[in-house]
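**Student:** Below: one structure in structure tokens.
The values are calculated or read from the model by the stated rules, or taken from the named source; none is laboratory data. Predicted model, so just to flag it, every value in this text is computed and none were measured. When we count neighbours, we look across all protein chains shown, and the Cβ atoms used for this are built from the backbone with ideal geometry, even at glycine.
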Amino acid sequence: MDDWTRYDGVAEAYHRIHAPRLAEPARDLVKLAEISSGERVLDVGTGTGVAAAAASAAGADVLGIDESLEMLRVAHRENPGLAFAGAEAIDLPFADGRFDAVVGNFVLAHFTRYQTALHDLIRVAKPSGRIAVSAWMDTEDDLTRTWRELIEEVVPREIIDPALARAIPWRDRFRDRNAIAEALIDAGLRHVRSEKGEYQFQYALEDYVEGLGTWATGRFVRSMLGDAGFSSFLERAKRVFADRFADPVNDFREVAFVVGVKP
């Protein structure tokens with residue numbers, strides 16, 4: 001992969017493994033944003049179009065944007081009736097006040113300058129438009145500890161930690177939904193409210209481990225080891241997980257949902 005921080009090299013696996021599970025929190029985000037039929041909605045960081053599909057199912061006229069062209073290619077294929085475009089969250093190529101709502105499903109922590117990104121998301125929303133975002137509230141468990149142990153056997157912590165900070169600079173801060181709400185208030189939104197969602201995702205064990213390879217830690221290790229080396233690493237990881245955990249794997253997650261209104 002030329003740039004491991006992007007999802008281009010893992011788009012197919014990401015969609016196959018994660019999209020079916022991300023659909024439920026995407027529907028909850030759309031519900032919190034009170035998206036209704038006929039509204040114009042922008043889905044920022046759409047990935048393979050999970051939240052865009054949820055907004056469309058609510059009757060909205062939705063446009064999904066992402067900087068990963070491979071993720072967009074999958075989104076087009078899987079959602080042929082929806083509109084997608086390549087764009088970044090900063091300097092959005094849209095006029096002021098174009099959208100009734102803007103959603104960002106698990107993308108806020110990835111923005112290098114989240115204040116600037118929020119400013120532009122708010123700019124393209126209409127007055128009284130809603131900005132709704134979600135973020136993982138995950139803490140370490142046996143599954144993630146095992147993965148981290150395996151990662152640190154091949155890449156030292158002093159190398160992996162700065163790399164993760166580059167890919168997801170606000171991961172730690174935005175695990176707290178109060179911190180997300182504060183960020184939206186500081187950006188100028190009003191009537192900010194938040195909810196916590198609790199989910200149980202079930203994976204075949206091999207799919208779970210392969211799915212870990214699509215997250216930031218996996219993509220970085222792949223960039224360090226090369227494709228062949230990473231393939232060997234994943235095979236070993238599958239053996240370790242098979243020794244420690246039942247198949248299928250039950251992955252329990254908490255998600256923060258926060259929505260605010262543009263004055």
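**Student:** Which members of the stretch 31-50 meet the condition of being in a helix (DSSP H, G or I) and under 21 Å from A87 (Cα atoms)?
**Tutor:** Within the stretch 31-50, the subset in a helix (DSSP H, G or I) is 31-32, 50.
Selection gives V50 alone.
**Student:** Restricting to the stretch 218-247, give me the number of residues that are surrounded by 13 or more Cβ atoms within 10 Å (Cβ to Cβ) and outside any helix (DSSP H, G or I).
**Tutor:** Within the stretch 218-247, residues that are surrounded by 13 or more Cβ atoms within 10 Å (Cβ to Cβ) and outside any helix (DSSP H, G or I) number 1.
**Student:** Then there's this: Please work out if G104 is under 18 Å from the mean Cα position of the chain (by Cα), assigned to a loop (DSSP other than H, G, I, E, B), at pLDDT 95 or above and not polar (S, T, N, Q). Quick ask: steps written out before the conclusion?
**Tutor:** Working: under 18 Å from the mean Cα position of the chain (by Cα): yes; assigned to a loop (DSSP other than H, G, I, E, B): no; at pLDDT 95 or above: yes; not polar (S, T, N, Q): yes.
For G104, the condition - under 18 Å from the mean Cα position of the chain (by Cα), assigned to a loop (DSSP other than H, G, I, E, B), at pLDDT 95 or above and not polar (S, T, N, Q) - is not met.
**Student:** Let me ask something additional. Among the residues of the stretch 147-167, is any surrounded by 15 or more Cβ atoms within 10 Å (Cβ to Cβ), β-branched (V, I, T) and within 15 Å of the chain's Cα centre (by Cα)?
**Tutor:** Taking every residue of the stretch 147-167 in turn, none turns out to be surrounded by 15 or more Cβ atoms within 10 Å (Cβ to Cβ), β-branched (V, I, T) and within 15 Å of the chain's Cα centre (by Cα).
**Student:** For the stretch 6-48, give me the residue count where each residue is hydroxyl-bearing (S, T, Y), over 21 Å from E206 (Cβ atoms) and crowded, with 18+ Cβ neighbours inside 10 Å. I'd like the intermediate steps shown before the answer.
**Tutor:** So in the stretch 6-48, the residues hydroxyl-bearing (S, T, Y) come out as 7, 14, 36-37, 46, 48.
Checking which are over 21 Å from E206 (Cβ atoms) leaves us with 36-37, 46.
Among the residues that remain, those that are also crowded, with 18+ Cβ neighbours inside 10 Å are: 46.
The total comes to 1.
**Student:** Still on this structure, I have one more. Name the residues in the stretch 49-69 that are over 22 Å from D100 (Cβ atoms), surrounded by fewer than 19 Cβ atoms within 10 Å (Cβ to Cβ) and touching a helix residue (DSSP H, G or I) at 6+ places or on another chain (Cβ under 9 Å), would you?
**Tutor:** L69, the sole residue that qualifies.
**Student:** Of the numbered conditions (1) under 18 Å from the mean Cα position of the chain (by Cα); (2) closer than 20 Å to H110 by Cα, F201 fails exactly one; give the number of that condition.
**Tutor:** Failing condition for F201: (2).
**Student:** Additional query: Return the residues of the stretch 67-101 that are under 21 Å from S128 (Cα atoms), of a type outside the set (A, V, I, L, M, F, W, C) and in a strand (DSSP E or B); say none if nothing qualifies.
**Tutor:** D100
**Student:** Looking at the stretch 168-197, which of its residues are in a helix (DSSP H, G or I) and either of a type outside the set (D, E, K, R) or exposed (fewer than 14 other Cβ atoms within 10 Å of the Cβ) (or both)? It would help to see each step written out before you state the result.
**Tutor:** First pass over the stretch 168-197, keeping only residues in a helix (DSSP H, G or I): 173-175, 177-186.
The answer is F174, N178, A179, I180, A181, A183, L184, I185, D186.
**Student:** Considering only residues that are more than 23 Å from Y199 (Cα to Cα), among the charged types (D, E, K, R) and touching a residue at least 12 places away in the same chain (Cβ under 8 Å), which ones fall in the stretch 213-263?
**Tutor:** Passing the criteria: R219, R222, R236, K238, K262.
**Student:** Can you pull out every residue in the stretch 97-126 that is on the phi < 0 side of the Ramachandran plot and either among the charged types (D, E, K, R) or surrounded by fewer than 19 Cβ atoms within 10 Å (Cβ to Cβ) (or both)? Can you show your working first?
**Tutor:** So the first thing to find is which residues in the stretch 97-126 are on the phi < 0 side of the Ramachandran plot, and the list is 98-105, 107-126.
Within the stretch 97-126, R98, D100, T112, R113, Q115, T116, H119, D120, R123, K126 meet the criteria.
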